[in-house]
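Chemist: Got a structure for you, written out below as structure tokens; questions coming shortly.
The values are calculated or read from the model by the stated rules, or taken from the named source; none is laboratory data. Nothing here was measured: the structure is a model prediction, and the numbers come from that model. Glycine gets a Cβ as well: all are built from the backbone with ideal geometry, and neighbour counts include every protein chain shown. In case anyone asks, the SASA skips ligands and DNA or RNA and just uses the protein heavy atoms, side chains included. Shrake-Rupley method; radii C 1.70, N 1.55, O 1.52, S 1.80 Å.
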Amino acid sequence: MQPVRKTRQPGRGKTTVIVLLMALASILAWYATRLNRPVPLPETAPEERVILIRREESELARFEVVSSQGDRFALIQGPEGHYSVEGQPDYPLDPAQLQLMVRDLTVLDANEEAGRVEMTDEALDALGLGARAARVTAEYADGSQITLIMGDSAMTEIPSDYLMLLGSDRVYTVSPETREHFDRTLATLHPVPAINITSALVDEVRFEGRDALRLRQEEGLWEIVEPFAYPAQPEQVSRLLSNISRMRFALYHSEATPQALRDTGLDPPARTVTLLLSPSTITAYDEEGLPARTRQVDAQQLRIALGNDIDKIGLYCLYEGKIYQASNASMGFLRDAALSELLSDAPVTLPVNRLSALHVEEGRDSREYRIEMVEQVLPNNQIGRDAQGNILFEPYITKNAQEYDRDTFLRGYLQLMNLRRAGRVREGFQAAEKTPVRRYLLYTGERLAWELALFPYDALHYAVRVNGRFVDYVTRAQADLLAL
């Protein structure tokens with residue numbers, strides 16, 4: 001007998017599946033309409049977590065920290081959740097940093113269990129979990145305790161570190177923040193003062209000690225007033241003020257005891273920086289962003305002494321009787337600020353609206369320009385005003401008591417302000433001639449504010465004397481084009 005071959009009718013099975021799916025969709029749609037709510041999606045299983053610690057914060061009685069460098073300290077919880085340093089009850093503690101530590105010792109989850117490790121020195125050291133590993137031992141009110149040993153980075157895609165519990169061979173991975181919270185010295189828990197300075201309030205900056213100098217501003221115009229009077233380089237001053245507004249201390253080091261001052265190079269300090277701040281007003285706002293109250297702040301002085309460098313990454317600072325560590329990125333500019341970099345490359349920076357008179361002496365010839373700011377009059381005889389309604393002013397110029405064309409003077413004065421150094425004069429330079437080739441005297445009100453004099457330097461340059469001091473030289477070609 002020949003075998004009977006069973007054949008499948010084409011499309012029959014596929015049609016049956018389609019019909020069943022359509023029927024199922026209709027039933028689900030009917031239920032959704034009847035219940036007036038969307039069809040629920042299948043729930044996904046929650047991600048599994050490895051719970052290591054679950055305690056109430058009130059149960060944590062004491063914990064002892066041992067850093068990877070061997071530093072050791074213990075904190076104990078007193079009444080109302082107040083923590084203190086064991087043996088140093090008056091030692092101040094940063095509440096935010098303390099809370100991070102307490103949190104890890106009461107609620108701690110691991111990312112995963114990485115496996116089991118042989119309890120040999122070699123195997124543990126390979127994971128950074130050996131005898132030198134940072135660790136913390138927590139003791140709870142019921143008498144139980146747990147010790148966390150924190151190891152090296154697990155080199156996982158999501159950053160994590162190895163961790164194990166004392167008495168177990170299981171190794172877990174946890175957030176690197178856990179080790180950061182405990183691998184530390186006690187000094188890192190000391191509060192660090194915030195230095196919040198608005199650069200617009202800085203009126204004067206004094207550097208005493210090495211490379212002493214003093215900078216001062218008047219109506220936004222900065223000048224060097226010590227060790228001699230000279231205009232300051234605007235870009236360098238702007239960078240200095242920007243850095244001042246971002247100053248911060250990194251760590252508390254110690255109290256300013258005589259021994260600590262000697263050890264950190266602060267007896268005497270290498271340099272001391274004093275900031276003079278103008279009076280200001282602090283405004284508090286309500287929830288709707290409207291001013292709620294204001295407080296007047298008097299003029300202030302902020303003084304920071306600078307000591308030794310710290311391994312080329314920072315320096316010691318003395319502030320309000322305490323020694324702190326600061327990084328080069330945040331405070332190194334105070335140590336590095338130099339007079340030579342702050343000297344302006346333009347000998348004249350006084351804006352024309354601050355100028356009352358300009359005297360020019362050239363050989364036996366002299367010219368006196370007087371500048372008076374008068375109200376701007378429009379062609380329709382109306383007084384000129386800006387968008388806020390403020391009256392606009394423009395300079396009225398006289399030359400040797402005769403009216404002088406304003407635009408011609410402004411172009412000439414702009415040339416004078418654009419005069420730039422070509423280089424620095426050699427150290428100790430003194431002009432051989434007593435009389436300068438040309439001399440400019442700039443007045444504000446009745447006060448002589450600036451003196452600029454040009455002396456022969458070489459065949460191509462003039463040495464520039466500003467307020468009696470030679471610093472730079474300029475090209476003769478540029479200086480001889482000055483029109484005033």
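Chemist: Given I244, G314, L221, which one lies farthest toward the positive end of the charge dipole of segment 207-365, if we put +1 on the Cβ of every Lys and Arg and -1 on the Cβ of every Asp and Glu?
Modeler: Looking along the dipole axis, the top candidate is G314.
Chemist: Please work out how much length the chain gains when fully extended from A299 to E56, using 0.36 nm per residue of separation minus the C-alpha to C-alpha distance, in nm with one decimal.
Modeler: 82.7 nm
Chemist: Spin-label point model (7 Å from Cα, Cβ direction): what's the E118 to A212 distance in nm?
Modeler: 6.8 nm
Chemist: Once a ≥ b ≥ c are taken as the square roots of the eigenvalues of the Cα gyration tensor of segment 50-186, is the result rounded (a/c under 1.5), prolate (a/b larger than b/c) or oblate (a/b not larger than b/c)?
Modeler: Here segment 50-186 falls in the prolate category.
Chemist: If you take the charge dipole of the chain about its Cα centre, with +1 on Lys and Arg Cβ and -1 on Asp and Glu Cβ, which of V437, A131, Q259 is farthest toward its positive end?
Modeler: Farthest towards the positive pole: V437.
Chemist: Let's test the formula: R0 of 56 Å, r as the Cβ-Cβ distance of N400 and D336. What FRET efficiency results, to the nearest 0.05?
Modeler: 0.70
Chemist: Something else about it: Count charges around Q217 for me, please; just the other residues with Cβ under 11 Å from its Cβ, Lys/Arg as +1, Asp/Glu as -1.
Modeler: In short, -4.
Chemist: Now for a separate question. Using alpha carbons only, how many degrees (0 to 90, rounded to 10) separate the axis of helix 234-245 from the longest principal axis of the chain?
Modeler: 40 degrees
Chemist: Next up: Keeping the other protein chains in place, figure out the carbon and sulfur percent of the accessible area of segment 198-287, with a 1.4 Å probe.
Modeler: Solvent-exposed carbon and sulfur of segment 198-287 make up 49 percent of the total.
Chemist: Continuing with this model, one more query. Give me the percent of Cα-Cα pairs in segment 352-430 that sit more than 18 Å apart, rounded to a whole number.
Modeler: 58 percent
Chemist: Just add up the charged neighbours of Q233: K/R +1, D/E -1, any other residue whose Cβ is under 13 Å from the Cβ of Q233.
Modeler: -2
Chemist: Something else: Under 14 Å between alpha carbons, and skipping anything fewer than 8 positions from K322 in its own chain: which aspartates and glutamates qualify?
Modeler: Within the straight-line cut-off, K322 pairs with E255, D263, D267.
Chemist: Take V102, V66 and sort them by solvent-accessible surface of the protein heavy atoms, 1.4 Å probe, largest at the top.
Modeler: Highest to lowest solvent-accessible surface, that is V66, V102.
Chemist: Related question: How many nm is it between the label spots at Q478 and E235, if each spot is 7 Å from the Cα in line with the beta carbon?
Modeler: 1.3 nm
Chemist: Residues in segment 363-402, backbone N under 14 Å from the label point at L221 (7 Å along the Cα-to-beta-carbon vector): list them, ranges by number please.
Modeler: Zone members listed by number: 371-373.
Chemist: Each residue of segment 310-320 in order: what ³J(HN,Hα) in whole Hz does its phi give by Karplus 6.51 cos²θ - 1.76 cosθ + 1.60, θ = phi - 60°, with x for Gly and Pro?
Modeler: 10, 6, 6, 10, x, 7, 8, 10, 9, 9, 6
Chemist: Largest first and in whole Å, give the semi-axes of the chain's equivalent ellipsoid, each being the square root of 5 times a Cα gyration tensor eigenvalue.
Modeler: Gyration-tensor ellipsoid for the chain: 70, 39, 25 Å.
Chemist: Once the Cα atoms of helix 406-417 and of the chain are each reduced to a long axis, what angle between those two axes, in degrees from 0 to 90 to the nearest 10, is obtained?
Modeler: Approximately 60 degrees, to the nearest ten.
Chemist: Related question: N390 to D71: extension gain in nm, 0.36 nm per residue of separation minus the Cα-Cα distance?
Modeler: Gain on stretching N390 to D71: 108.3 nm.
Chemist: With the cut-off at 1.5 for a/c, could you classify segment 182-303 from its C-alpha gyration tensor as rounded, prolate or oblate?
Modeler: Here segment 182-303 falls in the oblate category.
Chemist: Normalise the Debye intensity by I(0) for segment 350-484, one equal point scatterer per Cα, no solvent, then take log10 at q = 0.10, 0.11, 0.12, 0.21 Å⁻¹ and round to two decimals.
Modeler: Result of the Debye calculation: -0.40, -0.47, -0.55, -1.28.
Chemist: Check L52: other-chain or 5+ apart residues with amide H under 5 Å from its amide H, H built from backbone geometry?
Modeler: Here the answer is L108, D109, A110, since their amide H atoms fall under 5 Å of that of L52.
Chemist: Follow-up question, since we're still on this one. Accessible area of F470, 1.4 Å probe, to the nearest 10 Å²?
Modeler: We get 30 Å² for F470.
Chemist: Separate question: Need the full-extension length gain, A329 to S254, defined as separation in residues times 0.36 nm minus the C-alpha distance. One decimal, nm.
Modeler: Additional length available on full extension: 24.9 nm.
Chemist: Can you compute the modelled spin-label distance between A194 and A126, with each label point 7 Å from Cα toward Cβ, in nm?
Modeler: Reported label-point gap for A194 and A126 is 4.7 nm.
Chemist: Using protein chains only and a probe of 1.4 angstrom, how many square angstrom of I244 are accessible, to the nearest 10?
Modeler: Accessible area of I244: about 0 Å².
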